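K.L.:
The structure is given below, and queries will be raised subsequently.
The values are calculated or read from the model by the stated rules, or taken from the named source; none is laboratory data. In this text, all values refer to a predicted model and were calculated from it rather than measured experimentally. As a convention, Cβ positions derive from the backbone with ideal geometry for all residues, glycine included, and neighbour counts pool all protein chains shown. Calculation scope for accessible area: heavy atoms of the full protein, side chains included, ligands and nucleic acids excluded. Shrake-Rupley method; radii C 1.70, N 1.55, O 1.52, S 1.80 Å.
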Amino acid sequence: MSQLLTKKQLQQEYVNYSNTQLLRLEEQNLFPRRLKPNGGGRNSKAFWVREQVEDWIQMQIEDSDDSHNDSL
């Protein structure tokens, strides 16, 4: 079963991005999209799927490694 992260957990444990930066990345499909239970409105609590965030971080590491290796 997937675990959900609150914004506070996301920022403390994974990426310390502002809400504005997270929204910008999500809109550009550059970061996993947040979930809002029950079709929540603008001010409802948002969550991210831990596995999606961890996969995204791993992809960032791999892309960085590939870029570094290309320059050697």
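K.L.:
Is it the case that L25 is assigned to a helix (DSSP H, G or I) and closer than 19 Å to I61 by Cβ? Full working, then the answer.
P.N.:
Details: assigned to a helix (DSSP H, G or I): yes; closer than 19 Å to I61 by Cβ: yes.
For L25, the condition - assigned to a helix (DSSP H, G or I) and closer than 19 Å to I61 by Cβ - is met.
K.L.:
Go through the range 35-53 and count every residue that is at pLDDT 95 or above and either of a type in the set (A, V, I, L, M) or within 8 Å of the chain's Cα centre (by Cα) (or both). Even if it seems obvious, please write down each step before you answer.
P.N.:
In the first step, residues of the range 35-53 are kept if they are at pLDDT 95 or above; the result is 47-53.
Next, from what is left, pick out any that are either of a type in the set (A, V, I, L, M) or within 8 Å of the chain's Cα centre (by Cα) (or both): 48-49, 52-53.
Final tally of qualifying residues: 4.
K.L.:
Would you check if there is a residue in the range 16-23 being of a type in the set (S, T, Y) and open to solvent by 80 Å² or more (accessible area, probe 1.4 Å)? Outline the logic, then answer.
P.N.:
Start the filter on the range 16-23 by keeping residues that are of a type in the set (S, T, Y), which leaves 17-18, 20.
Applying the additional criterion that residues be open to solvent by 80 Å² or more (accessible area, probe 1.4 Å) yields 20.
Looking for residues that are of a type in the set (S, T, Y) and open to solvent by 80 Å² or more (accessible area, probe 1.4 Å), one finds at least one in the range 16-23, hence yes.
K.L.:
So, one more: Q58 versus (1) within 11 Å of the chain's Cα centre (by Cα); (2) not in a strand (DSSP E or B): which is the lone unmet condition?
P.N.:
Only one criterion is unmet by Q58, namely (1).
K.L.:
Mind listing just one residue for me: the one in the range 1-15 that is surrounded by 11 or more Cβ atoms within 10 Å (Cβ to Cβ) and touching a strand residue (DSSP E or B) at 6+ places or on another chain (Cβ under 7 Å) and, of those, nearest to Q60 (Cα to Cα)?
P.N.:
L10
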